[in-house]
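The values are calculated or read from the model by the stated rules, or taken from the named source; none is laboratory data. All of these numbers come straight from a predicted model, not from anything done at the bench. Note that we place each Cβ from the backbone using ideal geometry, even for glycine, and neighbour counts take in every protein chain shown. Areas reflect the complete protein model, heavy atoms only, side chains present, ligands, DNA and RNA absent. Shrake-Rupley method; radii C 1.70, N 1.55, O 1.52, S 1.80 Å.
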Amino acid sequence: MVTTGRQPPFLGSKQATHGIYIEIVVLAVIIALVGKRSSDGDILLSVFGALVAVVLAEIYAYYIGTMIGDGRRPTIAELRSMLLTTGGALVASVPPILLLTLGVAGVFRLQTGFTAAKWAGVTVIGLYALLATRGTGLSVRSSALTAAFFTLIGIGLVLLKQYFH
């Protein structure tokens, strides 16, 4: 299945790569925070702090990687493009963070917010996998099975990242 036209900013190859990584980090932080809170503010600060750390790490890695790999500093246009790519990738983190924020704000129970945030993150990872497999031209059935497999890998990565951090 070849697509034409412009894709949404979070569906490009680079955005998907960064989006999946950001999603895994956010999910790992959310899972690590379950039952270990000292205040509602600490929950959100921890999640947003992790998000800022990942974005800054992306910028740093891109800048240094370009200098090492190409022997030059990235241009302003290249930095702007990288920032837009990272910004597009942040779309993946919106659903779980929004649901967790609603739990913290008392719209529903905090535990419900944690549970909904975790499942939203898993759903985002699964949707990326499904879109990727459908984009290769696989049948709906093959795409769903492959996406389920990669979603399980994503869940495993989240759990590993949470376990070791």
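Please verify whether G103 is surrounded by fewer than 19 Cβ atoms within 10 Å (Cβ to Cβ) and either modelled with pLDDT under 90 or part of a helix (DSSP H, G or I) (or both), treating the condition exactly as stated. Explain how you work it out, then say what you get.
Working: surrounded by fewer than 19 Cβ atoms within 10 Å (Cβ to Cβ): no; either modelled with pLDDT under 90 or part of a helix (DSSP H, G or I) (or both): yes.
Taking the combined requirement at face value, the residue does not satisfy it.
Mind listing just one residue for me: the one in segment 123-144 that is surrounded by fewer than 18 Cβ atoms within 10 Å (Cβ to Cβ) and of a type in the set (V, I, T) and, of those, nearest to the chain's Cα centre (by Cα)?
My answer is T123.
Is there a residue in segment 65-82 that is of a type in the set (G, A, S), farther than 16 Å from I31 by Cα, in a helix (DSSP H, G or I) and touching a residue at least 60 places away in the same chain (Cβ under 8 Å)?
Pass one, segment 65-82, residues of a type in the set (G, A, S): 65, 69, 71, 77, 81.
Adding the requirement that they be farther than 16 Å from I31 by Cα leaves 65, 69, 71, 77, 81.
Filter once more, keeping what is in a helix (DSSP H, G or I): 65, 69, 77, 81.
Narrowing further to those that are touching a residue at least 60 places away in the same chain (Cβ under 8 Å): none.
Within segment 65-82, none of the residues are of a type in the set (G, A, S), farther than 16 Å from I31 by Cα, in a helix (DSSP H, G or I) and touching a residue at least 60 places away in the same chain (Cβ under 8 Å).
Quick check, is L110 of a type outside the set (D, E, K, R) and more than 15 Å from the chain's Cα centre (by Cα)? Talk me through it step by step, then tell me what you get.
Working: of a type outside the set (D, E, K, R): yes; more than 15 Å from the chain's Cα centre (by Cα): yes.
Considered against the rule, which asks whether it is of a type outside the set (D, E, K, R) and more than 15 Å from the chain's Cα centre (by Cα), L110 comes out as yes.
Which residue, of A147, A89, is touching a His at 6+ places or on another chain (Cβ under 6 Å) and open to solvent by less than 30 Å² (accessible area, probe 1.4 Å)?
Working: A147 fails: touching a His at 6+ places or on another chain (Cβ under 6 Å).
Going through A147, A89 in turn, the sole match is A89.
Of everything in segment 112-135, what is touching a residue at least 24 places away in the same chain (Cβ under 8 Å) and either touching a Ser or Thr at 6+ places or on another chain (Cβ under 6 Å) or more than 18 Å from I155 (Cα to Cα) (or both)? Give them in sequence order. Give the steps one after another, and end with the answer.
To start, the set of residues in segment 112-135 that are touching a residue at least 24 places away in the same chain (Cβ under 8 Å) comprises 114, 117-118, 120-126, 128-129, 131-132, 134-135.
The answer is I125, G126, A129, R134, G135.
Looking only at segment 1-38, count every residue that is among the small types (G, A, S) and either within 18 Å of A120 (Cβ to Cβ) or at pLDDT 80 or above (or both) and tell me the total.
Kept after step one, since they are among the small types (G, A, S), are these residues of segment 1-38: 5, 12-13, 16, 19, 28, 32, 35, 38.
Now narrow it down to the ones that are either within 18 Å of A120 (Cβ to Cβ) or at pLDDT 80 or above (or both): 16, 19, 28, 32.
Number of matching residues: 4.
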